[in-house]
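Data first, discussion second: the structure below is written as structure tokens.
No lab work stands behind these numbers, since they all come straight from the coordinates. The shown structure was predicted, so the numbers you read here are calculated from the model rather than taken from an experiment. We place every Cβ from the backbone using ideal geometry, glycine too, and count neighbours over all the protein chains shown.
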Amino acid sequence: MKKKMLLSCLFVLFLFIIIAPEQFAQEVRKPVKIKTEEVSSFQLKYGMGVSTRYIWRGLDLAKSPALEPYARALFYGFEISFYGAYGLYESSAKHADFEDPENPENINPLYLDRIAFNQVITNIFYNISTEIGLFTLGVSDYYFPDRIIKQTEVDSNGNTHPKYIKTNWLNWHDNGDGAHVIEASLKYMGGNDLPLWIFAAFNFYNDPDNSLYVEAGYTFDLLENKLSLFGGGAIGGSQWYRFTVKNGVVQNGVGLTNFGFTVSREIYIEEWLMLNFELTDIINFYEERNTILFKTTLRIE
């Protein structure tokens with residue numbers, strides 16, 4: 001009798017050792033969903049985009065394919081986000097003066113080396129929902145890690161000379177002497193009945209031109225895709241938007257830099273994993289340039 005009870009206990013123990021760990025592992029490894037009330041108050045999203053070209057507001061900045069990692073944290077209407085853009089090969093000058101220097105013999109040869117474009121954008125947004133749509137107030141910081149900054153120095157005779165320094169992240173100087181350009185923005189997005197957006201951005205720190213950019217667009221449903229039409233440009237002369245001098249004439253007025261359309265589609269692989277595909281055709285009327293680019297973004301939400 002005792003022997004049968006012992007065998008029975010051993011058999012139950014054997015089943016527990018074989019089956020229970022598997023069930024336990026499934027429970028531990030299964031993604032734990034955040035409660036609904038927590039999702040509404042805090043969200044974390046991140047991912048990576050790969051684009052055939054990095055075009056920002058109609059400007060071909062990277063002049064090469066680019067990787068675009070990002071991360072976003074959203075809570076109670078606020079958003080803190082970080083975006084990067086990294087060109088895949090060396091294609092840019094360290095400073096605009098070195099694209100075609102007038103006196104290359106007077107410039108440090110190290111400055112004439114080409115670099116792979118890279119940019120870091122830090123955003124703080126606040127979203128305000130209303131009956132007529134969503135308003136977003138934002139502040140953005142633009143930093144270019146491998147660029148150099150042009151400053152002016154005065155020698156003992158009172159003569160001024162250009163001076164080029166590295167874009168140290170701790171350099172927060174103003175008037176074009178710092179490593180950061182800070183922008184204030186306002187965006188309006190209509191609801192489902194009016195999928196219109198209007199956007200304005202103003203450089204208020206470390207941009208001598210205090211550049212202003214405006215944009216408007218409209219989104220349609222096209223089969224299972226989204227079709228967005230958009231148009232935007234710089235208001236007034238701006239080195240930031242390359243709206244400066246053309247054919248010997250100083251530019252003013254409106255620089256039409258960013259007109260075109262985007263066709264996009266999202267595919268959910270899992271509830272938390274999504275692929276986004278975009279095909280964009282952009283015309284920069286000021287530079288008389290047309291660019292078609294394709295971008296794929298892996299999103300984790």
| request: Look at the range 90-126 and say how many of its residues are loosely packed, with under 14 Cβ neighbours inside 10 Å and touching a Ser or Thr at 6+ places or on another chain (Cβ under 6 Å). | output: 0
| Among the candidates ILE149, ILE235, ILE182, ILE165, which residue alone is in contact with a Lys or Arg (Cβ under 8 Å, 6 or more places away or on another chain) and either at negative phi or not aliphatic (A, V, I, L, M) (or both)? | ILE149
| Restricting to the range 149-162, what's the tally of residues that are part of a strand (DSSP E or B) and of a type in the set (Asp, Glu)? | 1
| task | Take the range 277-301 and flag every residue that is within 18 Å of the chain's Cα centre (by Cα), in contact (Cβ under 8 Å) with a residue 24 or more places away in the chain and surrounded by fewer than 18 Cβ atoms within 10 Å (Cβ to Cβ). | result | PHE294, THR296, LEU298, ILE300, GLU301
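Mind listing whichever residues of the range 127-136 are exposed (fewer than 13 other Cβ atoms within 10 Å of the Cβ) and either in a strand (DSSP E or B) or touching a Ser or Thr at 6+ places or on another chain (Cβ under 7 Å) (or both)?
Hits for the range 127-136 are ILE128, SER129, THR130.
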| said: Take GLY231 and tell me if it is closer than 30 Å to GLY178 by Cα, small (Gly, Ala, Ser) and surrounded by 15 or more Cβ atoms within 10 Å (Cβ to Cβ). | reply: no
